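Please treat every number below as a calculation from the coordinates, not as lab data. Here the structure is a predicted model, which means the values were calculated and not measured. Using ideal geometry, Cβ is built from the backbone for each residue, glycine included, and neighbour counts are taken over all protein chains shown.
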Amino acid sequence: MFKKQLIECVPNFSEGRDLSIIKQITDEIESVDGVRLLDVDPGKATNRTVVTFVGEPEPVIQAAFLAIKKASELIDMSKHEGEHPRMGATDVCPLIPISNISMEETVKYARKLASIAGSKLNIPFYLYEEAATKPERRNLATIRAGEYEGLSEKLKSLKWKPDFGPAVFNPSAGATVIGARDFLIAYNVNLNSTSVKRANSVAFDIREKGRVKRSGHPITGKILRDKKGEPLRKPGKCKAVKAIGWFIEEYGVSQISMNITNISKTPLHVAFEECRKSANKRGLRVTGSELVGLVPKKVMIDAGKYFLAQQNRSTGVSENELIHIAIKSLGLDELGEFDPKKKIIEYLLDDKDTNPLIQMKLNDFADLTSSESPAPGGGSISAYVGSLGASLGTMVANLSTNKRGWESQFQKFSDQAEIGQQLKDELLLLVDEDTKAFNNIMEAIRLPKATAEEKSLRSKALDAATKNAIEVPLKVMRSAFKCFSFLEEMAKSGNPNSVSDAGVGALCARAAVYGAFLNVQINCKDLEDSKYLNKVLKEGQKILDKTKKAETKILSIVDKVIKK
């Protein structure tokens, strides 16, 4: 509900020295509404710039297309020199799922971008990683073999026909590789040691390719080889992890430096834990860790849940607490401040102006509600009261996880607490959505109506805004009603000392449903679409009738428990 799909795009441009060219390319990216430019990292030696931007899928692929087009106009590959492998003005352009979007969906957007660019630009485009159309094209290094200098001959082969665009050599722009891949995390784990050798030992234990097998002594023994003469290897513990040990003079410690290329195969906390286990076996201790660059929120949430579960504590706590636990457990603040607002991608994209009401202090929210302003009104208050009902049920679940003698039910109540947190968050988002819906109606009313065309446009805008103002409180009703089954379970099986809280939660949920339905009804008065009105009011009344029964049932359970 109201959760944006976010993808990250990390195009690499074959220019790292002329900052004016880089600026013109990034200006194209920033010209697209809904896209946030996060980082621009030029390299003189590589003559290459890595750009990072984030947004919803459609704006991102629009911005990526404009950047690829501009790069093809400004960069001449026939004159390019640099240390990094490359084959095009825009050398590679991966899309990465960040939140509320699957890899499969991201692949579709990568192919859409390649299709659009291939049809409009005179450039060959190849697809790689998850978006690859052929298994042999998954690996970027395979596609880029021969680089720009070998591209002209490569394009003559049917084997290397582009996925999109012409199979014709473009001397200026070269070729571009577009793909979809998982988020790459640059991550360093700190040791209580200054030894690179020992840090490497841990790195070899955990990295996917592991270490070379030897006969006799593990370091000086003869390397064992296969029939082709290739060294045999003992795989490491972590899939999709590249790692090496090094010494950081600035901090005076050795580190295991990692690239985690697939966080679904090896989550951040798993990489940390494997480093810790290996270090302990070798008489070393992990003292903390360091994130280089940005991280998706899910990575931190998953880490927080993992470490809470290790403590036999409920994972159904707030997002802020989960992230706090993750930071402390991973020691991310050992070498310097770790500010989630600056390190987590979704927080960088947060706009405080988007949801101003739920950012307020309680007294400020109450003061604003009591003022002459018509919003926030009953709809927003209904959503907020509903969120308090969900919060109370979640509190009962969390208290039940800690009750002595109930250890066998820990997982059940932890799972229930997670359900409660989700319902709470759904309803909190609707606090601002209801006020926005009212403001949209006011904006539609203020539209000009001097001409017949203006009257028609105003009428359509007002109709759409009114329907939205009906739909939002209807969503409040649906979400608030979902609280009842959760609250009933807490009243029946939760900590009996907190059963009254489950009862108050049910009263809050009831108030949310009733209050939201009043808003549905009053907004229906301004609409003439009888078919739509009948459908909406019928659903609202049905939820209301079910609410009466659910509330009565819960309060009856609460009363029996209290009287025992």
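Listing for the model above:
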| quantity | calculated |
| --- | --- |
| Additional length obtainable on full extension of the chain from Ala186 to Arg285, 0.36 nm per residue less Cα span | 33.6 nm |
| Theoretical FRET efficiency, 1/(1+(r/R0)^6), r = Cβ-Cβ of Lys108 and Lys209, R0 41 Å, to 0.05 | 0.80 |
| Within segment 463-548, trypsin sites (Lys or Arg not before Pro) in DSSP loop having at most 13 other beta-carbon neighbours inside 10 Å | Lys525 |
| Distance (nanometres) between label positions extended 7 Å along Cα→Cβ at Phe169 and Asp18 | 2.2 nm |
| Three-way shape label, segment 270-309, alpha-carbon gyration tensor, a/c 1.5 | oblate |
| Whole-Hz ³J(HN,Hα) from phi, Karplus 6.51 cos²θ - 1.76 cosθ + 1.60, for segment 196-206, glycine and proline x | 5, 4, 6, 5, 5, 4, 5, 4, 5, 5, 9 |
| Formal net charge of residues neighbouring Glu321 (Cβ-Cβ distance under 12 Å; K, R +1; D, E -1) | +2 |
| Bridge type composition, the chain - antiparallel percent by DSSP, nearest 5 | 80 percent |
| Selection from Ser380, Ala366, Leu527, by position along the positive dipole direction of segment 357-563 (Cβ) | Leu527 |
| Sequence-distant residues sharing a close amide H with Gly88 (under 5 Å, placed H) | Ala175 |
| Prolate/oblate/rounded label for segment 158-229 (Cα gyration tensor, a/c 1.5) | oblate |
| In sequence order, calculated HN-Hα J values of segment 267-276 (Karplus, 6.51, -1.76, 1.60; Hz; x Gly/Pro) | x, 3, 5, 5, 4, 4, 5, 5, 4, 4 |
| Order by protection proxy (mean Cβ within 10 Å, highest first), peptides 174-182, 187-195 | 174-182, 187-195 |
| Label-to-label distance, nm, for residues given as Ile244 and Lys546 (7 Å Cα→Cβ offset) | 5.9 nm |
| Shape of segment 6-180, Cα gyration tensor, a/c cut at 1.5 | oblate |
| Nearest 10 degrees, 0 to 90: helix 297-310 Cα axis against the chain principal axis | 80 degrees |
| Cα long-axis angle, helix 103-120 against the chain (0 to 90 degrees, to the nearest 10) | 60 degrees |
| Option label - volume of the Cα convex hull per residue in Å³ computed here, alternatives [x] 152; [y] 220; [z] 235 | [y] |
| For segment 130-263: relative contact order, % (alpha-carbon pairs under 8 angstrom, 6 or more apart) | 26 percent |
| Net length gained if the chain between Leu527 and Gln310 were fully extended (0.36 nm per residue, minus Cα distance) | 72.7 nm |
| Angle in degrees between helix 57-74 and the longest Cα principal axis of the chain, rounded to the nearest 10 | 30 degrees |
| Normalised contact order of the chain, rounded percent, pairs of Cα under 8 Å and 6 or more residues apart | 9 percent |
| Potential extension, Asn122-Leu232 segment - 0.36 nm per residue separation minus Cα distance | 35.1 nm |
| Average Cα contact separation per residue, segment 6-180, under 8 Å, 6 or more apart, as relative contact order % | 26 percent |
| Pair Trp406, Leu368: separation of 7 Å Cα→Cβ label points (nm) | 3.6 nm |
| Mean Cβ neighbour count within 10 Å, used as a protection proxy, ranking 241-247, 445-451 highest first | 241-247, 445-451 |
| In sequence order, calculated HN-Hα J values of segment 222-227 (Karplus, 6.51, -1.76, 1.60; Hz; x Gly/Pro) | 5, 5, 8, 10, 8, 4 |
